[in-house]
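See structure below.
The values are calculated or read from the model by the stated rules, or taken from the named source; none is laboratory data. On a predicted model such as this, the values are computed, not experimentally measured, just so you know. Cβ coordinates were reconstructed from backbone atoms using ideal geometry, including for glycine residues, and neighbour counts include every protein chain displayed. Areas reflect the complete protein model, heavy atoms only, side chains present, ligands, DNA and RNA absent. Shrake-Rupley method; radii C 1.70, N 1.55, O 1.52, S 1.80 Å.
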Amino acid sequence: MSRADELYKATCLDILENGFWDTALEVRPHWADGTPAHTVKKFGVVNRYNLQEEFPIMTLRRTAFRSCIDELLWIWQKKSNSIRDLGSHIWDSWADENGSIGKAYGYQLGVKHQYPEGEFDQVDRVLYDLKHNPASRRILTNLYNFADLHEMALYPCAYSMTFNVSGNTLNAILNQRSQDMLTANNWNVCQYAVLVHMLAQVSGLQAGELVHVIADCHIYDRHVPLVKKMLENPSYPAPRFTIDSGVTNFYAFTKDSFQLENYQFAAFDEKIPVAI
């Protein structure tokens, strides 16, 4: 069993056994048929992944590794808010008639700001500081821009990354206001584990620990039987993660720069409805 499987199972069981149901409350999310999408949740979940021990991809069911990297590059490299720049359809439900998700995610990372050292967007400022100011305690990104929330199709869920260098090791904290455990949890974990590896390599560092902090960690009502079924699946050891060691420019990474060797996963063919 991979460490990601262990943490996932423990988190889901805690939610199912000890979580709070919001069925008595009015909620924004809804199902495609218009029914309110209620959840059972735990507040303040913290999971830690040591990237030097294994890559944190779950095996209880398949995580679409290449697709989650594609979205990561769409946000962090392309800094795009257009679904036409994305290789999957995961954002289709939130895009407008022009294919835009508004001033969200990649848009926020691409906004330039003036510093004493020059003009940087958020990603380039992180890259600069990791090389020139690794002892800084100010290396972070934030997508939750209150001035632009009204122009976002969806408020950022994974909204902040804090980077910290200890010796030759890059560690990071991913802050998330809301997490759909069935559809998105391991997707996000894999994305930001890859991001830490990317930033570490181009900065001459080693990837260390990814700490995932989730404020509202929930399972949707229609997902509960699916989660229970998945938790009964067999699990496998974590695959071996490799990254193209020849890439030294953050913007030169592609989906093909990352590989998983011997990724085994349990079959899970259930159709998963998505709350919108």
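A few notes on this one:
- Taking label points 7 Å from Cα along the Cα-to-Cβ direction, THR242 and LEU154 give a separation of 3.4 nm.
- Reach of LYS103 by Cα under 19 Å, taken over aspartates and glutamates that are not fewer than 8 positions away in the same chain: GLU71, ASP85, ASP92, ASP121, ASP124, ASP148, GLU151
- Global form of segment 130-276, assessed from the alpha-carbon gyration tensor, a/c cut-off 1.5: oblate
- Stretching ALA64 away from VAL224 to a fully extended chain increases their span by 55.5 nm, per 0.36 nm per residue minus the current alpha-carbon distance.
- Within the chain, longest stretch free of exposed chymotrypsin sites (Phe, Trp or Tyr not before Pro) [DSSP loop, at most 16 other beta carbons within 10 Å]: 145-267
- Between SER93 and VAL111, the modelled labels are 2.7 nm apart [label points 7 Å from Cα along Cα→Cβ].
- Principal axes of segment 13-63: Cα extent on each, largest first, Å: 43, 25, 17
- If the chain linking PHE120 and ILE276 were pulled fully straight, counting 0.36 nm for each residue of separation and taking away their Cα-Cα distance, it would gain 52.8 nm.
- Residue-averaged 222 nm ellipticity for the chain, from DSSP H runs of 4+ at -39500 (n - 2.57), nearest 500: -8000 deg cm²/dmol
- Accessible area of segment 35-87 belonging to carbon and sulfur atoms, whole % at 1.4 Å probe: 43 percent
- The longest part of the chain holding none of the exposed loop GluC sites (Glu not before Pro), meaning those outside H, G, I, E and B in DSSP with at most 14 other Cβ atoms within 10 Å, is 118-231.
- For segment 111-154, the ratio of Cα radius of gyration to the globular rule of thumb 2.2 N^0.38 Å stands at 1.35.
- Paramagnetic reach from ALA267 (point 7 Å along Cα→Cβ, amide N under 14 Å) across segment 217-241: 233-234
- Kirkwood-Stokes translational diffusion coefficient of the chain, alpha-carbon pairs, 4 °C, 1.567 mPa s, µm²/s: 66 µm²/s
- Accessible area per residue, Å², the chain with all protein chains present, probe 1.4 Å: 48 Å²
- Sites LYS255 and ASN145 - FRET efficiency at Förster radius 25 Å, r taken between beta-carbons, to 0.05: 0.35
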